[in-house]
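The values are calculated or read from the model by the stated rules, or taken from the named source; none is laboratory data. In this text the structure is predicted, and so the values were computed from the model without any measurement. Here the Cβ positions follow ideal geometry from the backbone for every residue, glycine too, while neighbour counts run over all protein chains shown.
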Amino acid sequence: MSESRLIVGVGELLWDELPEGARLGGAPANFSVMAGRLGDHAALLSRIGRDELGRQAMERLGTMPADASLVQVDGVHETGRVTVRFERSEPHYTIHEPAAWDFLELSNEWLQMAERADAICFGSLAQRNETSRTTIQDLIAETRSTCIRVFDVNLREPFYSGEVVEESMELATVLKMNETETPLVMKQLGLQVADDSAAAESINDRRSAAGFSRRAAERLLAEFPALRLVAITKGSGGSLLVSCNEWHEHPGFPVKVADAVGAGDAFTAALVHYLLRGAGLAELNEAGNRWGGWMASQSGAMPALPETVRAAIAAAIEAAN
């Protein structure tokens, strides 16, 4: 196992109410658990209600390799819930509000953890409320200059705005989004790329979509000076990574999809884990797609991970590079 780094996920902790039952989730929680499974010291900064769902959440997290000791407890607001339904294996969400994670507080303990973090991951959903939005942005601003700051775009109607996207982009060194979100992000920012309209008209064509995604990533890198890497996931179609001086595309791996919940978060956790170890774009893409594919083949966002499976995937990533 390689040297452990401190990786922090900040934002929503909630219960995904799936057709087959409730499962603990939320992008930052999924990310943190996956980072812990990869061998890093992973921590989750979130907020739950003083209720039965909150108690169950902490009980569940107690079995996971993520430090939840600084998760806050809210005596007024309920633990977050999301109703999830599926269409062609793709999840669709009804995100109930308000929730405890809408009211994150900037504590001294949180600040101290942010100051020590090697990487921190935050999204757009947890910033739907002004209270959590201010807390998250202030927290990110307190990280070290060497800290990898990942803005994991998770656009959920109607909980995003151009202002939140832009402010988050200004703080991030790594941007991760999917190919459906890419044109929405560009629209929110009021940015265009070469042949924008032509690419948009044929966005369902893989070649045109890939070209549009690459040009969009290059424009974002030019527009936001702190940004160093843009990752665009394409579901079963793999992913595109674009840095300031190169790009790499991965075709993905064929898997039998159980559900897509948490697949993107597993991709992000793998990306950060290997980025902290100096991996190049090809290895980053390999790792992200292997772990994202594995998660998509499982039910729920925090499935059991046998050590034999973890070791086999790690070996496959190493063998490919």
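Cβ-Cβ distances below 8 Å connect the following pairs, each with a first residue in the stretch 130-147 that is touching a residue at least 40 places away in the same chain (Cβ under 8 Å) and under 18 Å from residue 72 (Cα atoms), a second residue that is part of a helix (DSSP H, G or I) and of a type in the set (Asp, Glu), and a separation of six or more residues or different chains: 132/102. Among the criteria (1) surrounded by 15 or more Cβ atoms within 10 Å (Cβ to Cβ); (2) part of a strand (DSSP E or B), the one residue 113 does not fulfil is (2). Filtering the stretch 116-134 to residues that are within 18 Å of residue 166 (Cβ to Cβ) and not in a loop (DSSP other than H, G, I, E, B) leaves 122, 123, 125, 126, 127, 130, 132, 133, 134. Listed conditions (1) modelled with pLDDT of 95 or more; (2) within 26 Å of residue 188 (Cβ to Cβ); (3) assigned to a helix (DSSP H, G or I); (4) over 16 Å from the mean Cα position of the chain (by Cα) are all met by residue 315, apart from (2).
Only strands (runs of 3 or more DSSP E) whose full extent lies in the stretch 1-95 are considered here, and the ones with at least 2 residues that are acidic (Asp, Glu) and either at pLDDT below 95 or within 18 Å of residue 258 (Cβ to Cβ) (or both) are 14-18. Do the conditions hold for residue 307, that is, is it within 30 Å of residue 245 (Cα to Cα), out of contact with any Ser or Thr (no Cβ under 8 Å at 6 or more places or on another chain) and free of Cβ contacts under 8 Å to residues at least 60 places away in the same chain? Here the answer is no, as residue 307 does not meet what is asked.
Filtering the stretch 284-308 to residues that are exposed (fewer than 13 other Cβ atoms within 10 Å of the Cβ) and assigned to a helix (DSSP H, G or I) leaves 307, 308. Taking the stretch 94-133 as the range and being within 22 Å of residue 52 (Cα to Cα) and of a type outside the set (A, V, I, L, M) as the test, the residues that pass are 94, 96, 97, 98, 101, 102, 103, 105.
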